[in-house]
Amino acid sequence: MRHLIVGAGPAGVIAAEQLRGLDPQAQITLLSGEAEPPYSRMAIPYLLSGKVGEAGTHLRAGDDHFAQADIELITGRRAEGLDAGGRQVRLEGGGSLDFDTLLIATGASPWVPPIEGLGGRRVNACWTLEDARRILSAVQDGSRVAMIGAGFIGSILIDALGQKKLELTVIEAEDRMVPRMMDVDGGAIIKAHCESRGVRVLTSTRVERVEGSDGEGPMTLALSDGQNIEADLIVTATGVRPNVGFVEGSGMKLAPADATGQGGIVVDDRMQTSLPNIYAAGDAAAGLDFSFQHRAVHGIQPTAADHARIAALNMAGKEAHYRGSLSMNVVETLGLTHYTFGRFQGIEGGQSARAADAASKSYLRLEFSEGRLIGAIVVGAFEQVGILRGLIQSQIDLGAWIERLQQKPRRIVEAYLDATGLGLTPPMLSASTGSGV
């Protein structure tokens, strides 16, 4: 059996290793488009901040890890096309790879908005190790850095760049930071926190034009509010889109395009695509969303890992089904942690509970429907986030607790213990019934 995995991020690596355990005699090939050892993009901010070196971003230690596992690792070669009927993946620059089963784990690439002048050599995304190297070589103490975008990726990069001695300005087109993760109240607390740490944050502001991105002097960003700002480096953090271009023309079903112009590969509960013996996982896959019960690209590493395990089992002939991934995000921005789970914006006819304390940079929002927790937003310290996730995924009926939680949302721990029959203990109560948010 020939198992081919295109993409050597977390999904690809986990699938390759699991396949080796499930199918000891199989030929397993792991194809990477980058000339790097397999690494985690989520570790790149730690590289920027100086917390780890490049080796600390690698998914596996040791140059011979994959050879020792009898997994053929091919780096620096990208997939160019797919012949599903002939079971071949064509490579850029010539050549092809044959397969009996194929896993597409090609991840995503940065999407850059069509802004005039936003394309010179001093404009960088921060998505690859090579991007990180360019940024590190371009900045020094006192450098003026403009970041376009304050979403999930932007918030992570603020945490990394904000720890350096830079003049950092963040420009977000929406009316709040992390607009796809936060409501107005949560976004406002995160913005105030960043500003208190010396980061300039401009929301409801668009970059309309960039001048000098290929020159030597300062660049100028013309903003929608009429002001101009100067920068020595521009970092874009405006979203990503799945790397699925190489399957064009194969007949594979794709999800509808989003604002970035490209959807992911539609998979069933076995992680199989619309084509037999071809699977997809991670940021390239539009898999089942637990909360919404539709197909969506989640773009988070835990989901990629779950996808990979289910795909590998089915590729090895072991029937396995996926119940769907919970949409969730966890980000730390300059010491302030914020989380979202499930349907955190609520649904029509549902109930909501909110409590905020700007002084302590704390915010909690709970969303309910038919007696069950369906979504949550947390900003700041909250030790029981695991309980929130568990309640959403288990769909435990909270009954009469809903009304109490609308008055005091932090009693969610008591509600959980009561609803599950676990009982109340003084230590648990003391962490959940204080006078704070």
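The values are calculated or read from the model by the stated rules, or taken from the named source; none is laboratory data. In this text, all values refer to a predicted model and were calculated from it rather than measured experimentally. Please note: Cβ atoms are built from the backbone with ideal geometry, for glycine as well, and neighbour counts cover all protein chains shown. For accessibility, only protein heavy atoms count, side chains too; no ligands or nucleic acids. Shrake-Rupley method; radii C 1.70, N 1.55, O 1.52, S 1.80 Å.
Restricting attention to segment 355-369, and to residues there that are in contact (Cβ under 8 Å) with a residue 60 or more places away in the chain and in a loop (DSSP other than H, G, I, E, B), which single residue is nearest to Met181 (Cα to Cα)?
In this case the residue turns out to be Lys361.
Inside segment 204-241, can you point out the residues that are more than 20 Å from Trp111 (Cβ to Cβ) and of a type in the set (S, T, N, Q)?
Selection gives Ser204, Thr220, Gln227, Asn228.
List pairs: first in segment 11-24 and touching a residue at least 24 places away in the same chain (Cβ under 8 Å) and buried (at least 24 other Cβ atoms within 10 Å of the Cβ), second of a type in the set (Asp, Glu) and assigned to a helix (DSSP H, G or I), Cβ under 9 Å, 6+ apart or cross-chain?
Ala11/Asp283
Against the condition within 18 Å of the chain's Cα centre (by Cα) and free of Cβ contacts under 8 Å to residues at least 24 places away in the same chain, how does Asp268 come out, does it pass?
Spelling it out, it is not the case that Asp268 is within 18 Å of the chain's Cα centre (by Cα) and free of Cβ contacts under 8 Å to residues at least 24 places away in the same chain.
Of the residues Ser143, Ser155, only one is under 22 Å from Thr340 (Cα atoms) and of a type in the set (S, T, N, Q); which?
Ser155
On the given criteria, is Gly120 of a type outside the set (A, V, I, L, M), in contact with a Gly (Cβ under 8 Å, 6 or more places away or on another chain), open to solvent by less than 70 Å² (accessible area, probe 1.4 Å) and not in a loop (DSSP other than H, G, I, E, B)?
no
Name, by its number, the condition in (1) at pLDDT 95 or above; (2) open to solvent by 50 Å² or more (accessible area, probe 1.4 Å) that does not hold for Pro114.
Against the list (1) at pLDDT 95 or above; (2) open to solvent by 50 Å² or more (accessible area, probe 1.4 Å), Pro114 comes up short only on (1).
Can you tell me which residue is least open to solvent (accessible area, probe 1.4 Å) among those in segment 172-189 that are β-branched (Val, Ile, Thr) and under 23 Å from Leu326 (Cα atoms)?
Only one residue tops the list, namely Val178.
Residue under question is Arg209, and the condition is that it be more than 14 Å from Glu332 (Cα to Cα), surrounded by fewer than 17 Cβ atoms within 10 Å (Cβ to Cβ) and in contact with a Gly (Cβ under 6 Å, 6 or more places away or on another chain); does it hold?
Yes; evaluated as a whole, the condition is true for this residue.
Taking segment 305-336 as the search range and keeping residues that are within 16 Å of the chain's Cα centre (by Cα) and of a type in the set (D, E, K, R), which one is least open to solvent (accessible area, probe 1.4 Å)?
Step by step, filter segment 305-336, then rank; the result is Asp306.
Taking segment 79-117 only, how many residues are closer than 30 Å to Gly154 by Cα, not polar (S, T, N, Q) and not in a strand (DSSP E or B)?
The total comes to 8.
Taking Gly53 as the residue in question, decide whether it is at pLDDT 95 or above and either in contact with an Asp or Glu (Cβ under 6 Å, 6 or more places away or on another chain) or on the phi > 0 side of the Ramachandran plot (or both).
no
Going through segment 25-51 one residue at a time, which ones are over 17 Å from Ala105 (Cβ atoms), open to solvent by 50 Å² or more (accessible area, probe 1.4 Å) and not aromatic (Phe, Trp, Tyr)?
Within segment 25-51, Gln25, Gln27, Ala35, Gly50, Lys51 meet the criteria.
Among the residues of segment 205-234, which ones are farther than 27 Å from Gly187 by Cα and assigned to a loop (DSSP other than H, G, I, E, B)?
Selection gives Gly212, Ser213, Asp214, Gly215, Glu216, Gly217, Pro218, Asp232.
Out of all the residues in segment 58-78, which are part of a strand (DSSP E or B) and either within 30 Å of Asn124 (Cβ to Cβ) or over 29 Å from the mean Cα position of the chain (by Cα) (or both)?
Within segment 58-78, His58, Leu73, Ile74 qualify.
Would it be correct to say that Ala69 is touching a residue at least 12 places away in the same chain (Cβ under 8 Å), closer than 29 Å to Ile153 by Cα, open to solvent by less than 40 Å² (accessible area, probe 1.4 Å) and small (Gly, Ala, Ser)?
For Ala69, the condition - touching a residue at least 12 places away in the same chain (Cβ under 8 Å), closer than 29 Å to Ile153 by Cα, open to solvent by less than 40 Å² (accessible area, probe 1.4 Å) and small (Gly, Ala, Ser) - is not met.
Considering each residue of segment 153-171, count those that are hydrophobic (A, V, I, L, M, F, W, C), open to solvent by 20 Å² or more (accessible area, probe 1.4 Å) and within 19 Å of the chain's Cα centre (by Cα), and give that number.
2
Being over 23 Å from Lys191 (Cα atoms) and open to solvent by less than 10 Å² (accessible area, probe 1.4 Å) is the filter here, so list the residues in segment 368-379 that pass it.
Phe368, Leu373, listed by residue number.
From Ser224, Ser204, Ser250, grab the single residue that is in contact with a Leu (Cβ under 7 Å, 6 or more places away or on another chain), polar (S, T, N, Q), over 20 Å from Val139 (Cα atoms) and surrounded by fewer than 22 Cβ atoms within 10 Å (Cβ to Cβ).
Every option except Ser250 fails the conditions.
Looking at (1) surrounded by fewer than 17 Cβ atoms within 10 Å (Cβ to Cβ); (2) touching a strand residue (DSSP E or B) at 6+ places or on another chain (Cβ under 8 Å); (3) farther than 18 Å from Thr106 by Cα, which is the only condition Ala55 fails?
So the condition that Ala55 fails would be (2).
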